[in-house]
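J.: Before I ask anything, here is the structure I am working with.
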Amino acid sequence: MMSNEIFFKPVTIGRRQAVNCFAYQPTETNNCHESGSPGSVTFDVYRERAKGKPGLLFIESVDVNTDCQARSNRMVLNESTKEGFRKLVSEIKKISPETLVLFQMSHAGRLSDPGFREPLFVYARTDGETIMTTEEVRKAAADFAAAALLADEIGADGVDLKQAHGFLAGDFLHPANNRKDEYGGSFENRTRFFSEVFKAVKSSCSSNFIIGTRISPYEGIPGGCGSAGADSVIEDLTEMEEYVRILEKMGIDFINVSAGYAAANLEILLPTATFPEGVYRHFSWTRQIKKQISIPVIGSGYSHPADGNNSLTASDVSKKSTLYFAGRNLAEGNVDFIGLGRQCIADPLFALKVKEGRESEINWCTTCSGCGMQLGGNEQVSCTVYKN
Ligand SMILES: Cc1cc2nc3c(=O)[nH]c(=O)nc-3n(C[C@H](O)[C@H](O)[C@H](O)COP(=O)(O)O)c2cc1C
């Protein structure tokens with residue numbers, strides 16, 4: 001039986017320290033006011049998550065402006081919503097002053113919902129997709145910087161500048177990005193958008209402010225991140241490995257590793273019983289990225305193993321559980337933070353229960369995908385198994 005001590009050692013991130021290795025990953029709650037400011041349900045959700053006292057608590061995907069939204073009730077951080085978010089951070093800090101609160105800043109790009117927002121295309125994948133002008137690209141970069149600055153101003157400890165899952169910032173990186181301006185074509189050009197965003201955020205935010213990014217080193221789409229070329233479906237992480245080394249040199253504070261592309265392959269993004277080995281793939285991608293750099297790396301895919309009652313291949317239940325894999329990956333240096341998505345929807349008190357040795361009381365996520373279906377249906381997200 002592995003001791004839980006390994007989870008509760010402080011972890012340095014940027015100039016700050018997280019009190020434990022549990023990172024509650026960004027998970028959209030889809031319950032904001034139309035303006036994008038947090039509503040009463042949003043407060044309830046994040047108060048519960050704060051009670052779990054994770055080392056890192058990500059505030060779900062927060063849009064950097066109102067013209068780039070994948071759903072109608074998503075968070076938006078701007079001058080008119082910032083006071084709501086100031087209150088949200090302060091409520092979380094009242095409950096768990098030791099938890100570092102990070103906003104995930106995002107721009108949905110081509111995933112913006114055409115029902116109420118114009119999708120913005122970095123490059124054309126099919127006929128009829130009009131690509132963003134260079135001015136629109138620069139505006140999007142400026143929006144990221146402005147929103148991150150607001151996050152700093154209202155008391156957040158940091159930001160995750162989202163490049164994962166097919167959101168705008170990640171599309172620039174694609175080998176298939178054949179834009180003719182300085183944001184497409186060569187690898188240097190394809191990394192320019194994020195590098196400009198990062199430099200703007202770094203130069204305007206306070207020195208202790210943590211700045212990181214979530215990436216999908218493997219997206220599983222032709223010509224996407226982690227593919228061998230513009231029209232290739234072969235997995236090849238060479239460019240993404242080089243990319244994270246560049247990001248570290250630029251001064252980024254952490255890399256949050258995910259995988260998959262939201263509009264194409266949720267089974268990669270969200271491992272379930274249908275393809276449980278997806279869990280192992282997440283661990284492998286994370287390890288591969290971690291080998292390149294010395295800044296902290298957050299891993300994903302830890303919800304499906306749960307208490308070990310799953311369809312993973314090991315016969316010994318104690319050797320295929322969330323805590324087993326988390327402890328082992330930390331001990332082997334494969335990861336620095338254990339990211340939890342659906343598990344913290346199922347049980348926001350997860351980290352606290354582990355700390356207090358109350359594993360038998362944990363509501364283990366069944367990875368039934370009920371929460372994901374709610375999100376897809378543009379409904380408010382909550383656990384459909386346990387009533388939190
Ligand atoms: C309902 C729901 C909402 C999500 N929202 C986000 C989000 O806002 N930003 C993000 O980067 N990932 C989001 N994800 C992905 C999770 O952060 C996480 O990567 C994924 O659930 C896999 O981790 P898990 O196996 O621990 O659940 C979401 C997942 C779910 C199920």
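J.: Quick one: give the max-minus-min coordinate of the C-alpha atoms of the range 5-376 along each principal axis, largest first, in Å.
T.: Projected onto the principal axes, the Cα atoms of the range 5-376 cover 56, 46, 39 Å.
J.: Based on Cβ point charges of +1 for Lys and Arg and -1 for Asp and Glu, what charge dipole magnitude is obtained for the range 193-314 about its Cα centre, in debye rounded to the nearest 20?
T.: 460 debye
J.: List every residue whose amide H lies under 5 Å from the amide H of Ser61, counting only residues 5 or more places away in sequence or on a different chain, with H placed 1.01 Å from N in the peptide plane.
T.: Thr27, Glu28
J.: Between Ser195 and Arg138, what length in nm is gained on full extension when 0.36 nm per residue of separation is reduced by their alpha carbon distance?
T.: 19.3 nm
J.: At 7 Å along Cα-to-Cβ for each site, give me the label-to-label distance between Thr130 and Glu48 in nm.
T.: According to this spin-label approximation, the distance is 4.3 nm.
J.: Magnitude of the Cβ-charge dipole of the range 5-376, K/R +1 and D/E -1, about the Cα centre, nearest 20 debye?
T.: 900 debye
J.: Could you run the Debye sum over the Cα atoms of the range 142-215, one equal point scatterer each and no solvent, and tell me log10 of I(q)/I(0) at q = 0.21 Å⁻¹, two decimals?
T.: -0.87
J.: Can you give me the distance in nm between label points at His33 and Lys82, each placed 7 Å from the Cα along the Cα-to-Cβ direction?
T.: Label at His33, label at Lys82, 1.7 nm between them.
J.: Another question, then. Just to confirm my numbers, what's the Cα centroid distance between the range 217-282 and the range 30-72 in Å?
T.: If we compute the Cα centre of each part, the gap is 25 Å.
J.: Right, another one. For the pair Gln380/Ser318, report the inter-label distance in nm, with labels modelled 7 Å from Cα in the Cβ direction.
T.: Between Gln380 and Ser318, the simple spin-label model gives 4.2 nm.
J.: Quick one: what are the phi-derived ³J(HN,Hα) couplings along the range 194-202, Karplus 6.51/-1.76/1.60 with θ = phi - 60°, whole Hz, x for glycine and proline?
T.: Here the 3J(HN,Hα) series is 5, 4, 5, 4, 4, 4, 5, 5, 4 Hz.
J.: Which whole-number percent is the relative contact order of the range 168-273 (Cα, under 8 Å, 6+ apart)?
T.: About 24 percent, as a whole number.
J.: Of the options Ile289, Phe337, Leu237, report the single residue whose Cα projects farthest towards the positive end of the charge dipole of the range 5-376 (beta-carbon charges: Lys, Arg +1; Asp, Glu -1).
T.: Positive-end residue among those listed: Phe337.
J.: So what J values fall out for the range 24-34 if you push phi through Karplus, 6.51 cos²θ - 1.76 cosθ + 1.60 with θ = phi - 60°, rounded to Hz, Gly and Pro as x?
T.: In residue order, the calculated couplings are 6, 5, x, 9, 4, 9, 6, 9, 8, 5, 4 Hz.
J.: Further question on the same structure: On a full-extension model of 0.36 nm per residue, what is the gain between Glu235 and Glu153, subtracting their alpha-carbon distance, rounded to one decimal in nm?
T.: 25.5 nm
J.: List every residue whose amide H lies under 5 Å from the amide H of Phe121, counting only residues 5 or more places away in sequence or on a different chain, with H placed 1.01 Å from N in the peptide plane.
T.: When sequence neighbours closer than 5 places are left aside, the close amide H contacts are Met132.
J.: Still on this model: What FRET efficiency would be calculated for the residue pair Ser204, Arg16, taking the C-beta separation as r and a Förster radius of 25 Å, to the nearest 0.05?
T.: For R0 = 25 Å, the calculated efficiency reads 0.85.
J.: I need the peptides 359-365, 281-287, 115-121 ranked by packing, meaning the mean over residues of other C-beta atoms within 10 angstrom, with the highest value on top.
T.: So the order, starting with the most tightly packed, is 281-287, 359-365, 115-121.
J.: Place +1 on the Cβ of every Lys and Arg and -1 on the Cβ of every Asp and Glu in the range 5-376, take the dipole about the Cα centre, and give the residue among Ile95, Gly84, Trp364 whose Cα lies farthest towards its positive end.
T.: Value computed over the given set: Ile95.
J.: Continuing with this model, one more query. If you take the charge dipole of the chain about its Cα centre, with +1 on Lys and Arg Cβ and -1 on Asp and Glu Cβ, which of Ala141, Gln25, Ile131 is farthest toward its positive end?
T.: In the chain, that residue is Gln25.
J.: If you don't mind, there's one more thing I want to ask. So between Leu266 and Glu242, what do we pick up on full extension, going 0.36 nm a residue minus the alpha carbon distance?
T.: 6.1 nm
J.: Restricting to bridges with both residues inside the chain, how much of the DSSP beta-bridge set is antiparallel, in percent to the nearest 5?
T.: 10 percent
J.: Please state the relative contact order of the range 5-376 as a whole percent: Cα pairs under 8 Å, 6+ residues apart?
T.: Worked out over the range 5-376, it gives 15 percent.
J.: Calculate the radius of gyration of the Cα atoms of the range 49-185 to one decimal place, then report Dmax, the largest Cα-Cα distance, as a whole number, both in Å.
T.: For the range 49-185, the Cα-based Rg and Dmax read 16.3, 51 Å.
J.: Under a point-charge model restricted to the Cβ atoms of Lys and Arg (+1) and Asp and Glu (-1), what is the dipole moment magnitude of the range 45-185 relative to its Cα centre, in debye to the nearest 20?
T.: It works out to roughly 560 debye.
Just so you know, all these numbers are worked out from the coordinates, no wet-lab data involved. These numbers come from a predicted model, not from an experiment. Quick reminder, even Gly has a Cβ in these numbers, built from the backbone with ideal geometry, and neighbours come from all protein chains shown.
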